[in-house]
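Quick note: the coordinates plus some simple rules give every number you see, no bench work behind them. What you see is a predicted model, and the numbers here were worked out from it, not measured in a lab. Please note: Cβ atoms are built from the backbone with ideal geometry, for glycine as well, and neighbour counts cover all protein chains shown.
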Amino acid sequence: MTDFRALLTETYRAALAATDAGLLVRAHLPAAPPALIVSVGKASLPMLGAALSAYPGAPFLAVAPDGPEVGAAVQAAADRQQGEILYAGHPVPDQRSVRAAERFLEQVGTLAPGDELLVLISGGSSALLCAPWGLTLEQKQALTRELLGSGASIQELNTVRKHVSRIKGGRLAQVAQARQARVTALLLSDVIGDDPSVIASGPTVPDPTTFADALKVLERYGVQHSAARAHLKRGARGELNETPKAFHELRQQVIGSNRLLLDAAAQSLEARGIPAVILGDTFGGEARELAAMHAALVRSVRGFGTPVRAPVALLSGGEATVTVRGSGVGGRNHEFALALLLELGERGLWALSVGSDGVDGSAAAAGAFLTPDSWQRARHLGLDLQTALHNNDSGTLFAALGDALITGPTGQNLNDLRILLIGPD
């Protein structure tokens with residue numbers, strides 16, 4: 001008999017292995033050694049390790065969230081005082097994030113004309129690098145928390161972030177350009193559509209958004225943050241310099257994406273004899289609405305054999321949002337799984353909704369499993385599914401069921417992976 005929990009876990013791990021951040025970086029490094037390497041994000045340390053394997057003596061500066069392991073090569077280079085490894089807050093910036101951003105700006109500001117700057121960027125960088133502009137750190141923290149809980153998309157959140165920062169929205173590259181340095185940026189995408197100007201709030205990318213766009217985001221979600229509104233209104237009136245809209249001597253490339261993760265997961269499943277269909281890598285919106293759509297597909301496959309016939313694995317990616325109204329523990333993947341369980345009721349299935357970074361919101365897990373008997377087990381334990389969803393407490397519920405997948409930080413961040421295994425009737 002197939003151990004489907006193990007199968008789902010192995011598929012997730014196989015997808016991560018195939019999209020290892022170091023492997024992706026090594027395939028795209030420029031030939032010439034850089035004068036400086038700066039690396040930031042949830043995958044900053046493995047990305048840096050790959051670069052140092054190619055350029056053993058290059059100076060570097062890396063910023064990572066708490067948790068990921070430091071590889072031997074990176075630690076050895078740091079011990080030689082070849083560079084610095086800093087840690088900072090995520091998903092809300094902290095004082096360490098401010099120090100990290102200042103160090104980035106200082107180091108890039110020492111480049112000489114003709115120097116090559118190699119920038120390695122992965123998801124999470126928006127919080128890890130924080131150079132407040134027009135706001136105090138405390139005000140920016142409050143703004144970030146409010147936007148994170150509002151249901152705003154990452155594109156909308158980063159539009160605001162770019163206009164209250166001295167490093168985002170192309171301003172890091174602007175410092176390098178002022179020194180007449182060349183910039184090469186390699187990016188791992190954790191955003192739907194893989195837009196470089198959105199990834200990490202685009203510190204090295206010309207920014208198409210404006211102060212007026214950022215104000216519209218606050219209006220759209222009813223964010224009443226007086227300091228942010230005052231600053232953005234000054235910018236919209238032309239009293240502050242807009243983010244840069246064009247650069248020269250800039251090479252950038254998205255080297256990893258959610259689509260690669262989905263392809264690797266599908267290949268792993270099919271190698272085990274399970275047909276796999278990738279629904280897409282651009283699924284966003286509220287986790288509950290996304291779950292309802294997936295439930296409709298499951299019912300369609302079971303009832304009519306459309307769009308595909310069972311047995312089959314349906315895979316989807318992207319990144320959902322959660323409008324936080326309760327005080328519970330969880331994240332977008334846990335909330336998706338709970339909403340899907342409520343949609344399907346007693347006729348469940350094996351499924352996994354998980355973040356490629358190993359972290360899901362405020363939960364201690366990367367995501368959650370569903371099993372064909374999740375509904376019955378929850379009832380047996382006296383767990384109220386609807387109350388848990390209402391209170392955004394999906395993390396607590398799946399921990400009680402023993403269905404949370406705990407991995408710790410993975411050193412990768414290519415958005416989310418959802419796998420639904422639909423068996424024959």
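Where a ≥ b ≥ c are the square roots of the eigenvalues of the C-alpha gyration tensor, would you call the stretch 184-297 rounded, which needs a/c under 1.5, or, failing that, prolate if a/b is larger than b/c, or oblate? Note, shape of the stretch 184-297 comes out oblate.
The overall shape of the stretch 1-156 is oblate: from the C-alpha gyration tensor, with semi-axes ordered a ≥ b ≥ c, the ratio a/c is 1.5 or greater and a/b is no larger than b/c. Between residue 106 and residue 308, the contour length at 0.36 nm per residue exceeds the alpha carbon distance by 67.2 nm. Two numbers describe the Cα atoms of the stretch 25-91: Rg and Dmax, which are 11.3, 34 Å. Temperature 20 °C, viscosity 1.002 mPa s: under these conditions the Stokes-Einstein estimate for the stretch 20-256, based on its Kirkwood radius over C-alpha pairs, is 121 µm² per second.
Between the stretch 56-108 and the stretch 329-366, the alpha-carbon centres lie 32 Å apart. With respect to the chain, whose longest principal axis is taken over its alpha-carbon atoms, helix 4-18 is tilted by about 20°. Shown here: the chain, whose C-alpha atoms stretch 67, 48, 36 Å along the first, second and third principal axes, sorted largest to smallest. Note on the chain: with a GNM built from Cα contacts shorter than 10 Å, the maximum mean-square fluctuation among 394, 226, 125 falls on 226. Only helices enter the 222 nm calculation for the chain: every DSSP H run of n ≥ 4 contributes -39,500 (n - 2.57), and dividing by all residues gives -12000 deg cm²/dmol, rounded to 500. Counting lysine pairs in the stretch 20-256 that sit 8 or more residues apart in sequence, or on different chains, and whose Cα atoms lie under 20 Å apart gives 15. Please find the FRET efficiency linking residue 55 to residue 99, where r is the Cβ-Cβ separation and R0 is fixed at 22 Å, and quote it to the nearest 0.05. Efficiency at R0 = 22 Å is approximately 0.30.
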